[in-house]
Each structure stands twice: as structure tokens, then as C-alpha cells.
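Participant: My structure is below; once you've seen it, I'll send some questions.
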Amino acid sequence: MCYRYLAGTAKCLSGCVLRGCGFHWSQAMWRKVQDLGLRTAYIEHSAVYKFIRRVLAILFLSAEHITPAIHEMCKLTTHTQLIQLLDYVEATWLSSACGM
């Protein structure tokens, strides 16, 4: 279902390269948040909540702005698990051929 929608969207947005689905991106990120033990911090601490929401929102950036945004976010935190989340994004979604 998702890929049929993307194929139809790609026809309407000529010149855009679509790589993946926001729903599946969000699901994968939420799983990683849970794996890193950030679920409680996400719920209870607004700073962690806002940081993770920013990470989730990178899918709305133009491709050329995604990697610089991740690197800027790295500078904004010393929280070990949040850094691990950004490392996951870079290794899994930005550096891999299957990623964004």
C-alpha cells in the first residue's frame, strides 16, 4: 500500500526523489528510542521530547540539509543515549544504500 502511494506521489512531484515512507521512518525511530531506554525520558522530560521530535522531523528537510542538521544536533547534546540515536540515524539511514 505504502509504495503504491509513493509511486503516485512521485508522478505529481516531478524532480523530487522519494526514498521511503514517513510512517515507517517514525516506527523505526520509535523502536530505536525504546531500545536505547529513552521512552521514559521522552515522556517525562521536555528537553528529551523536543530533541527526539527534531530528529523525527528531519524527514521534512531537503536531502542536502539532512546530514548537516544531524551534525548540528550532535553539538546540542551530551546525553549519551541521544548521541547513540543520532549515530543510529547516520549509520542506518544516511550511510547505508537503503537509507534516506
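Participant: Label 7 Å along Cα→Cβ of SER95; segment 51-80 residues with amide nitrogen under 18 Å?
Facilitator: 66-75
Participant: Moving on. Taking θ as phi - 60°, what are the ³J(HN,Hα) couplings along segment 36-45 by the Karplus curve (6.51, -1.76, 1.60), each to the nearest whole Hz, with x for Gly and Pro?
Facilitator: 7, x, 9, 4, 5, 4, 4, 6, 9, 10
Participant: With N set to the number of residues, divide the alpha-carbon radius of gyration of segment 40-100 by 2.2 N^0.38 Å and report two decimals. Let's see the in-between values first.
Facilitator: Working: Rg = 11.6 Å, N = 61, 2.2 N^0.38 = 10.5 Å.
The value comes to 1.11.
Participant: Applying the Karplus parametrisation 6.51 cos²θ - 1.76 cosθ + 1.60 with θ = phi - 60° to the phi angles of segment 50-63, what ³J(HN,Hα) value in whole Hz is obtained for each residue in order, glycine and proline being reported as x?
Facilitator: Those phi angles translate into 5, 5, 5, 4, 5, 4, 4, 7, 4, 5, 8, 7, 5, 3 Hz.
Each value in this text was obtained by applying a stated rule to the coordinates, not by laboratory testing. These numbers were taken from a predicted model, which means no experiment stands behind them. Positions of Cβ are backbone-derived with ideal geometry, glycine not excepted, and every protein chain shown enters the neighbour counts.
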